[in-house]
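Enquirer: Pasting a structure here, questions to come.
Just so it is clear, none of the values below were taken in a lab; they were calculated from the coordinates. This is a predicted model, so every value here is computed, not measured. Because the Cβ atoms are built from the backbone with ideal geometry, glycine has one as well, and the counts that use them run over all protein chains shown.
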């Protein structure tokens with residue numbers, strides 16, 4: 001055994017390796033991305049590892065491997081589970097042979113997500129078990145248990161850490177080497193593996209009968225824990241348990257029940273936890289899941305117990321909990337002293353805001369600016385700018401202000417079409433990244449061609465999946481098995497679909513980029529512009545820009561493009577050399593040619 | 001030993017390496033360690049924090065407010081932003097050189113960090129270090145992340161020895177940067193003594 005200091009996501013990855021996982025697939029998404037990245041960094045001979053094109057593909061790859069008896073792991077963020085909802089709903093009916101664990105990382109806050117949805121609710125909707133770890137240490141053990149339960153009940157199971165578990169670090173004792181699980185291979189049996197209404201009917205009945213049995217089994221699962229013996233009890237799960245413990249470590253007599261398996265609800269254990277209890281406080285994040293389940297148990301058993309939590313306004317309905325919020329709620333519930341305050345900061349000065357912005361030198365800035373300039377030159381044309389999920393959502397920030405909508409992966413392409421149908425004379429742009437294009441953009445383009453919408457598709461191709469930490473994708477020519485593979489060409493895909501106007505431009509060649517946009521905006525049908533320039537985080541900077549004495553301090557560069565490397569020092573425009581990558585966009589904006597490259601005078 | 005250490009700054013300043021070095025040094029001294037980092041949307045230019053919790057008494061991955069023993073701040077406004085985490089008799093070590101957000105350059109509110117430093121002096125025990133000055137011999141302010149560790153050790157509030165940190169620098173920093181990092185660490189250690 002050896003000790004490793006790893007992130008929660010690393011602990012999940014190492015736990016899966018310890019369980020002998022054979023096939024791992026997933027799609028990047030904060031806070032889940034490091035699970036697959038960790039596996040790629042440890043020896044993993046004999047297992048297949050992939051970034052799939054999207055979560056649906058990942059789920060299906062893992063499903064058939066699990067039919068063959070392989071242990072499979074699928075990773076995604078919570079909104080990715082929506083993409084994979086089609087296969088998972090049906091898979092729940094069919095079941096698996098090898099253990100299949102689907103990690104769907106929730107993001108209370110939300111810190112970097114569109115929604116505050118709760119994977120525990122999804123598990124109940126699918127009728128499959130869900131595991132809810134409280135810490136990286138527990139995640140390492142629990143994911144191994146999840147594989148066992150999955151195999152025992154022949155069902156896929158969900159595993160849902162939250163951001164604070166995924167991104168917390170702890171030291172974990174792991175084996176020196178990992179041995180992949182030996183499996184039988186696929187045994188053909190169309191009565192088992194082909195979903196037909198008759199099979200669904202039979203399996204639905206089986207599942208409803210089975211789930212209470214799993215609930216009983218979970219009542220004896222040693223990660224569902226009851227401690228203390230007071231008349232006031234606290235129920236909690238996930239990272240909220242850590243927040244509750246931070247306060248209750250000084251009050252060990254308080255009855256505390258940690259629910260590690262929210263569905264199927266461990267009812268027998270919960271009834272034991274409720275013995276002699278008069279009042280219950282539920283501290284959990286996202287949905288009031290445990291609170292609702294408790295109310296059901298208490299109602300069905302006609303117990304005289306009051307339940308406080310989100311539904312009674314004692315715990316906040318949205319956003320994440322913290323050690324501080326938990327301490328406050330607990331002290332008022334238990335009548336114990338509140339935590340000592342820190343320094344009095346009531347007179348704190350106003351702090352500068354640091355909203356996330358596109359990096360200095362980011363080629364997306366130039367792409368957005370080119371479209372903006374082009375449309376400013378066509379003032380009689382109304383334009384719509386449909387954004388998408390990725391770094392380029394930040395194109396909405398001032399001064400660019402180039403994202404009118406953003407909904408979900410790939411939606412910008414189809415939403416641009418909706419705007420066309422409500423305002424046919426307008427120019428409708430869709431901005432989509434290269435990875436997002438592969439993940440969920442292609443069907444939208446086919447939809448536009450087939451239904452004859454006018455739109456300009458702008459693929460912001462930076463040759464990586466930047467926002468989530470630079471994962472490779474089908475266009476990069478590399479995969480997670482470490483192989484160099486054929487690059488899938490976006491241009492050829494579009495040609496194959498029948499897009500007649502396809503232009504590839506370097507966004508940093510501003511004049512050409514602007515002219516290309518103008519030309520495309522004037523045409524009808526589906527037009528595509530591939531703005532091709534690599535992400536600055538994976539390419540070498542080309543130098544630094546310099547400002548000469550010719551600068552008239554008009555600050556047009558700052559006002560027009562908002563590059564973080566352009567700052568004012570003592571009121572004078574200055575280039576932050578630590579940030580500048582020498583992309584040169586500012587030099588093309590300057591009205592007096594005061595900005596230039598290294599040899600610029 | 002139980003110690004809560006909060007490291008804060010602006011994305012790209014090297015706070016993550018500082019937190020990793022502290023965590024590793026504490027672990028090698030036999031302590032239980034937990035930490036948490038800002039990851040995701042907060043890329044370059046955003047406010048970032050690392051919470052390092054040493055000792056077996058820590059449950060929450062993030063430090064509760066009012067309980068950090070020491071705050072290592074790579075930027076004056078970030079120091080003030082994270083002041084709610086500092087405990088009443090806690091210490092703050094702060095870089096005096098401000099990082100101006102793009103939005104400030106647009107609106108020109110004149111943020112220069114001075115007001116923040118004044119506020120810090122009023123509120124808590126603080127050691128102010130000019131990162132540009134202390135890093136001048138090394139050619140880049142990027143070495144500040146290690147210099148501030150030297151200052152933290154020198155302050156005696158970290159509960160870790162200079163040897164323990166130096167050992168981690170040797171183990172974790174790429175070979176060609178070890179020497180400069182060690183010098184930066186010692187410069188930080190030195191300045192914590194002379195300013196007191």
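Enquirer: Any idea what diffusion coefficient the range A:363-532 gets from Stokes-Einstein, in µm²/s, Kirkwood Rh on alpha carbon pairs, 20 °C, 1.002 mPa s?
Expert: Details: Rh = 15.8 Å.
For these conditions, the coefficient is 136 µm²/s.
Enquirer: Using the Kirkwood formula on the Cα atoms of the range A:125-232, what hydrodynamic radius do you get, in angstrom to one decimal?
Expert: 17.1 Å
Enquirer: Starting with the highest mean, order A:18-25, A:192-199, A:305-312, A:550-557 by the number of other Cβ atoms within 10 Å, averaged over the residues of each peptide.
Expert: Working: A:18-25: 24.1, A:192-199: 11.9, A:305-312: 17.6, A:550-557: 15.2.
Output ranking for A:18-25, A:192-199, A:305-312, A:550-557: A:18-25, A:305-312, A:550-557, A:192-199.
Enquirer: How large is Rg over Rh for the range A:449-601, taking Rg from the Cα atoms and Rh as the Kirkwood inverse mean of 1/r across Cα pairs?
Expert: Values: Rg = 19.0 Å, Rh = 18.0 Å.
Across the range A:449-601, the Cα-based Rg/Rh ratio is 1.05.
Enquirer: On to the next question. What Kirkwood hydrodynamic radius, in Å, does the range A:546-596 give when the mean of 1/r is taken over all pairs of distinct Cα atoms and then inverted?
Expert: Working: mean 1/r = 0.0932 Å⁻¹.
By the Kirkwood definition, the hydrodynamic radius is 10.7 Å.
Enquirer: Here's a follow-up. Output needed for the range A:304-366: three equivalent-ellipsoid semi-axes, defined as square roots of 5 times the C-alpha gyration tensor eigenvalues, in descending order, whole Å.
Expert: Working: eigenvalues 297, 85, 15 Å².
Output for the range A:304-366: semi-axes of 39, 21, 9 Å.
Enquirer: I've got another one for you. Just want to confirm a number: the relative contact order over chain A, from Cα pairs under 8 angstrom separated by 6+ residues, in percent. Show your work: numbers first, answer last.
Expert: Details: 1265 pairs, mean separation 65.5, N = 601.
Worked out over chain A, it gives 11 percent.
Enquirer: Angle between the Cα long axis of helix A:8-18 and the longest principal axis of chain A, 0 to 90 degrees, nearest 10?
Expert: Tilt relative to chain A: about 60 degrees.
Enquirer: For the range A:225-334, report the % of Cα-Cα distances exceeding 21 Å. Before the final figure, lay out each step's value.
Expert: Values: 1516 of 5995 pairs.
Of the Cα pairs, 25 percent sit more than 21 Å apart.
Enquirer: Ok, one more. I need the Kirkwood Rh of the range A:2-62: take the reciprocal of the average 1/r across all distinct C-alpha pairs and report it in angstrom. Numbers along the way, then the final one.
Expert: On the way: mean 1/r = 0.0842 Å⁻¹.
11.9 Å is the Kirkwood radius here.
Enquirer: With angles folded into 0 to 90 degrees, how steeply does helix A:197-219 sit against the dominant principal axis of chain A? Use alpha carbons for both and round to 10.
Expert: For helix A:197-219, the angle is close to 60 degrees.
Enquirer: State whether chain B is rounded, prolate or oblate according to the following rule on the C-alpha gyration tensor (a ≥ b ≥ c being the square roots of its eigenvalues): a/c under 1.5 gives rounded; otherwise a/b larger than b/c gives prolate, and the remaining case gives oblate. Let's see the in-between values first.
Expert: Working: a/c = 1.43, a/b = 1.18, b/c = 1.21.
It comes out rounded by the Cα gyration axes.
Enquirer: Looking at the range A:337-450, what % of the alpha carbon pairs are farther apart than 20 Å?
Expert: Values: 3338 of 6441 pairs.
That fraction is 52 percent.
Enquirer: Summarise the partner chain shielding of A:343-350 as one whole number: the mean count of Cβ atoms from other chains within 10 Å of each residue's Cβ.
Expert: Working: counts 12, 2, 6, 0, 3, 7, 7, 5.
Neighbouring Cβ atoms belonging to other protein chains average 5 per residue here.
Enquirer: Going from the alpha-carbon gyration tensor of the range A:97-142, what semi-axes, largest first and in whole Å, does one get by taking the root of 5 times each eigenvalue? Mind showing how you got there, number by number?
Expert: Numbers: eigenvalues 81, 53, 16 Å².
Output for the range A:97-142: semi-axes of 20, 16, 9 Å.
Enquirer: Taking the Kirkwood radius as the inverse of the mean 1/r across Cα pairs, report the Rg/Rh of the range A:78-162.
Expert: Working: Rg = 12.6 Å, Rh = 13.0 Å.
Taking Rg over the Kirkwood Rh, I get 0.97.
Enquirer: List the extent of the Cα atoms of the range A:2-217 along each of their three principal axes, largest first, rounded to whole Å.
Expert: 49, 38, 37
Enquirer: Related question: How crowded by other chains is A:169-180, given as the mean number of beta carbons from other chains within 10 Å of each beta carbon?
Expert: On the way: counts 13, 8, 6, 0, 0, 0, 0, 0, 0, 0, 0, 0.
What the average comes to for A:169-180 is 2.
Enquirer: Bin width 10 Å, origin at 0, all Cα-Cα pairs of the range A:340-404: what percent of pairs per bin?
Expert: Taking every Cα pair in the range A:340-404, the percentages come to 17, 38, 19, 13, 10, 3, 0.
Enquirer: What area, in nm² and to one decimal, does the C-alpha convex hull of chain A cast on average over all directions? Write out the running numbers ahead of the final one.
Expert: Working: hull surface 129.2 nm².
That works out to 32.3 nm².
Enquirer: Can you order the peptides A:7-13, B:128-134 by their average number of other Cβ atoms within 10 Å per residue, highest first? Intermediate results must be reported in sequence, preceding the final value.
Expert: Details: A:7-13: 29.0, B:128-134: 17.7.
Ranking, from highest mean packing down: A:7-13, B:128-134.
Enquirer: To continue, here is another question. Which whole number gives the average count of other chain Cβ atoms within 10 Å of the Cβ atoms across peptide A:331-342?
Expert: Values: counts 0, 0, 0, 0, 0, 0, 0, 0, 4, 4, 5, 14.
Per residue, the average neighbour count from other chains is 2.
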